[in-house]
1. Could you pull out every whole DSSP H run in the chain that spans at least 18 Å of Cα extent along its own axis and averages 0.5 or higher on the Kyte-Doolittle scale?
2. Kindly provide the Kirkwood hydrodynamic radius of the stretch 279-359 in Å, to one decimal, from all pairs of distinct alpha carbon atoms.
3. Rounded to a whole number, what % of the accessible area of the chain do carbon and sulfur atoms account for, probe 1.4 Å?
4. Taking amide H positions as placed 1.01 Å from N in the peptide plane, with prolines and chain starts having none, which residues 5 or more places from residue 170, or on another chain, fall under 5 Å of its amide H?
5. Is it possible to state the helix-based mean residue ellipticity at 222 nm for the chain, with each DSSP H run of 4+ residues giving -39500 (n - 2.57), the sum divided by total residues, to the nearest 500 deg cm²/dmol? What is it?
6. In sequence order, what are the phi-derived ³J(HN,Hα) couplings for the stretch 400-408 according to the Karplus relation 6.51 cos²θ - 1.76 cosθ + 1.60 with θ = phi - 60°, rounded to whole Hz, with x for glycine and proline?
7. Across the stretch 319-435, what fraction of all alpha-carbon pairs, as a whole percent, falls in each successive 5 Å bin from zero upward?
8. Counting only heavy atoms of the protein chains, get the accessible area per residue of the stretch 298-443 (1.4 Å probe) and round it to a whole Å² value.
Amino acid sequence: MKSTVTIIGAGFTGLSAAYELAKKGISVTVLEADSEIGGLAAAFTVGGQKLDRFYHHWFTNDLAVMNLIDELGLQKSVQISPTNTGVYYANHFFKLSTPLDLLKFTPLNFWDRIRLGLLALRARRVTNWQELENKTAHEWLRELGGEAVYRVVWQPLLRGKFGPYAETVSAVWFWNKLKLRGGSRGKGGEERLAYFEGGFVALAEALAKRIIELGGTIILNAPVSQISHKETQGGLEWNCLTPKGLMSSDSVISTIALPQTADCIKDWADPKYLEKLHRIQYLGNVCLVLELDRSLSKTYWLNVNDPSFPFVGVIEHTNFEDPKTYGGRHIVYLSKYLPHTDDLYSMSSDEFLDFAYPYLKKMFPNLDRSWILAHHLWRARWSQPVVEKHYGSLIPAEETPFPGLYLCSMAQIYPEDRGTNYAIREGRKIGVALGDRLSTQTL
Ligand SMILES: Cc1cc2nc3c(=O)[nH]c(=O)nc-3n(C[C@H](O)[C@H](O)[C@H](O)COP(=O)(O)OP(=O)(O)OC[C@H]3O[C@@H](n4cnc5c(N)ncnc54)[C@H](O)[C@@H]3O)c2cc1C
């Protein structure tokens, strides 16, 4: 009998796992709640071209994604470009892309600028990240760079990204961010980032096409509400309930957020295990996407280091990708991470724009509302796990106590943070491991 696997979620994790299983000739079905694939990297159309709902780029050292692209023969679609990063602080803009920019960063005195530069170097030299497990980022960054550097540079970023959880975020999370960004630079120290022609979703679509060619199935608009199992003569049979019917298989890989999986098994799973799946906190994200008739600034990635502003970053995507791609429109993302219970999370696109506009106008006084040709609001409830101290001990294993049910979700990525590169790495890894196991069982 041919083994069958059901995968819940057609984001990069689910698609990568399905790809590996399909390569081994295992019958695989991906169930996706949305009407499109891609998950957090899904897209919508602007000026006739697909655009990520949430801004995306890769670092040049994101090897898992580059390997997959090579394997699919899509190297030509990868564009690597220099980008520039800036900081908005106390009503001023500062470039912060190269070591020279750092030396000109006047919100800090000369010695603190040196300390900031040294901090990045010292952080990148840490090889044993386990040593950082019992420290918060807030403790570690103050230790490394001092109070002023922390207050001006890091604290606003931590608060912007993690809101109420800012002071509990682990040093490991921050170390990893510094290491990644530092490793994606050209010879002059300038940051270089990668993008995919047609948006990240174009890679997801290429992967989905390959899965289908290999005999796999992807079913859209199929939210799983229950995962259950029953004994059969051949062992356990797993069932995933969707509005489109019941999908039965030998194994299930769940790639959705851990509390979502907990909800699907709550009727029968051990309460202690359910508690574990509910333990890690997740933040939501709201992202306002503006289509403008002109550019706002020359900066691609602007960190907003002013806590009174309602967004942590202004990302002008068309300072990375040519505006011609989007029919000449300039694309700006305003991003905010927040608990899903925050009022901002439930705002409509118009309400969010009305709320954000005065702040944007303060930053860019020439801005006129007539520049905004269209706007869109995207929100994601499960967008960032809160990586606390000793996070390693909070992560549930991929193998659950229930034989045949596996978890492979972004909250299990550690010590790295979530990201498509790791979604692909972990998805492929579990696909290969389960594929090997099932192939030997059916021999
Ligand atoms: C604002 C923002 C910016 C980001 N920027 C970057 C970046 O620059 N570079 C980068 O690499 N990464 C970035 N990421 C992270 C990246 O998007 C994610 O790490 C990655 O896409 C996660 O893939 P995944 O498959 O693990 O999860 P997801 O993409 O969340 O996929 C899970 C899928 O499961 C589906 N699903 C949920 N519930 C059910 C259910 N009950 N039944 C069936 N299906 C279900 C969802 O619809 C979704 O399609 C960013 C994320 C955000 C939010």
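The values are calculated or read from the model by the stated rules, or taken from the named source; none is laboratory data. The model shown is predicted, which means the values in this text are computed figures rather than measured ones. Every residue, glycine among them, receives a Cβ derived from its backbone with ideal geometry; neighbour counts consider all protein chains shown. SASA here: full protein model, heavy atoms, side chains in, ligands and nucleic acids out. Shrake-Rupley method; radii C 1.70, N 1.55, O 1.52, S 1.80 Å.
1. For the chain, where a helix must reach 18 Å along its axis and average at least 0.5, the hits are 200-213.
2. 13.7
3. On the way: 9860 of 18790 Å².
Carbon with sulfur: 52 percent of the solvent-accessible area.
4. Result for residue 170 returns 137, 387, 388, 389.
5. -10000 deg cm²/dmol
6. Along the stretch 400-408, the couplings run 8, x, 10, x, x, 10, 10, 10, 9 Hz.
7. Whole-percent P(r) values from 0 Å outward: 2, 8, 13, 14, 14, 13, 11, 10, 7, 5, 2, 1, 0.
8. Accessible area per residue: 41 Å².
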